[in-house]
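Have a look at the structure below before the remarks.
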Amino acid sequence: MRTLAQRRAFAQDAPMTDEEYTETGRLLFARETSFVLGVAELSQLPEPDRPEICFAGRSNAGKSSLINALTRRADLARTSNTPGRTQQLNYFTMEHPATGPVYLVDLPGYGYAKAPVREVERWQGVLKAYLRGRVTLRRAYVLIDSRHGIKAVDEDILKMLDIAAVSYQIVLTKADKPKARVLETVIDATREAIAKRPAAFPEIIVTSSEEGTGIEEVRAAVAKVILEGLES
């Protein structure tokens, strides 16, 4: 594995291979991932002193399950049958020699939530302000339930990310649930839906937290976006 200095020196002649990104992603998520703090107000955000990536998705899209699968931790991000349980931005830190320290941010689910209307509006406002203005945010991973595809509430978030010029990538979750033909239809529809969106990364990652499908690909994608940001 080449060091960051070596990659910077030889970037034009020897760019990192897919295998190197995959291995870096594996090792990044294999190391300890620690909870830092929960952010209920923008004033509580930590100093923007390192790159960060975030996971967003409508309530019950499988976000906590995906984060737990990525980090190989059964309880890092809490899972619940009650949509909207995450009501703050939860910051986690992880580190690898090639990437340095990185923040992983578990965002509150948008859409339906079993909570008072004013409370829902408050944390949704924090979510949107964060996505519009966090300067160290390298990419948002927007989770879409593969049983349903992109809904109107997802469109609102995608539009906001486009306007804010925040790079985002679609991650289809729960791919083990629909039949293969239905899944292919959702993949095609999702690909068509994001084709003309300016901030959308064109590659869609299909995942199943239960079966482990796509987990390696998400880790590699995170490693690549972090390393490319460091090298730019």
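The values are calculated or read from the model by the stated rules, or taken from the named source; none is laboratory data. Since the structure is predicted, the reported quantities are computational estimates derived from the model, not experimental observations. Here the Cβ positions follow ideal geometry from the backbone for every residue, glycine too, while neighbour counts run over all protein chains shown.
Which ones in the range 212-232 are within 19 Å of the chain's Cα centre (by Cα), in contact (Cβ under 8 Å) with a residue 12 or more places away in the chain and surrounded by fewer than 20 Cβ atoms within 10 Å (Cβ to Cβ)?
Scanning the range 212-232 gives Gly212, Thr213, Glu216, Glu217, Lys224, Val225, Gly229, Leu230.
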Can we say Val126 is assigned to a helix (DSSP H, G or I) and over 23 Å from Ile67 (Cα atoms)? no
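Kindly evaluate Ser167 against the criterion of being among the hydroxyl-bearing types (Ser, Thr, Tyr) and crowded, with 21+ Cβ neighbours inside 10 Å. Spell out the reasoning first.
Details: among the hydroxyl-bearing types (Ser, Thr, Tyr): yes; crowded, with 21+ Cβ neighbours inside 10 Å: no.
Spelling it out, it is not the case that Ser167 is among the hydroxyl-bearing types (Ser, Thr, Tyr) and crowded, with 21+ Cβ neighbours inside 10 Å.
Checking the structure you have, find out if any residue of the range 169-176 is more than 12 Å from Ser146 (Cβ to Cβ) and free of Cβ contacts under 8 Å to residues at least 60 places away in the same chain.
The answer is yes; a qualifying residue exists.
Yes/no matrix, rows are residues, columns are (1) over 30 Å from Glu184 (Cβ atoms); (2) modelled with pLDDT of 90 or more:
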| position | (1), (2) |
| --- | --- |
| Pro101 | yes, yes |
| Gly125 | yes, no |
| Gly133 | yes, no |
| Asp145 | no, yes |
Of all residues in the range 178-202, which are within 16 Å of Leu158 (Cβ to Cβ), assigned to a loop (DSSP other than H, G, I, E, B) and without any contact (Cβ under 8 Å) to a residue 60 or more places away in the chain? Ala195, Lys196, Arg197, Pro198, Ala199, Pro202
Step by step: first the residues of the range 90-149, then only those that are aromatic (Phe, Trp, Tyr) and within 17 Å of the chain's Cα centre (by Cα), then the one that is nearest to Ile170 (Cα to Cα). Which residue is that? Tyr141
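Regarding the range 107-119, can at least one residue be identified that is touching a Pro at 6+ places or on another chain (Cβ under 8 Å), at pLDDT below 90, under 23 Å from Val222 (Cβ atoms) and part of a loop (DSSP other than H, G, I, E, B)? First the steps, then the outcome.
Of the range 107-119, the ones touching a Pro at 6+ places or on another chain (Cβ under 8 Å) are 109, 111-114.
Checking the rest, the ones that are also at pLDDT below 90 come to 109, 111-114.
Now drop any that are not under 23 Å from Val222 (Cβ atoms), which leaves 109.
Retained after the next criterion (residues that are part of a loop (DSSP other than H, G, I, E, B)): 109.
Taking every residue of the range 107-119 in turn, at least one turns out to be touching a Pro at 6+ places or on another chain (Cβ under 8 Å), at pLDDT below 90, under 23 Å from Val222 (Cβ atoms) and part of a loop (DSSP other than H, G, I, E, B).
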Could you say whether any residue in the range 213-222 is in contact with a Ser or Thr (Cβ under 8 Å, 6 or more places away or on another chain) and among the hydroxyl-bearing types (Ser, Thr, Tyr)? yes
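Conditions (1) buried (at least 16 other Cβ atoms within 10 Å of the Cβ); (2) in a loop (DSSP other than H, G, I, E, B); (3) at pLDDT 90 or above; (4) among the β-branched types (Val, Ile, Thr), marked per residue:
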residue	(1), (2), (3), (4)
Asn60	yes, yes, no, no
Ser65	yes, no, yes, no
Leu70	yes, no, yes, no
Asp75	no, yes, no, no
Asn81	no, yes, no, no
Arg85	yes, yes, no, no
Tyr91	yes, no, yes, no
Flag if Arg138 is over 19 Å from Gly229 (Cβ atoms) and touching a residue at least 24 places away in the same chain (Cβ under 8 Å): no
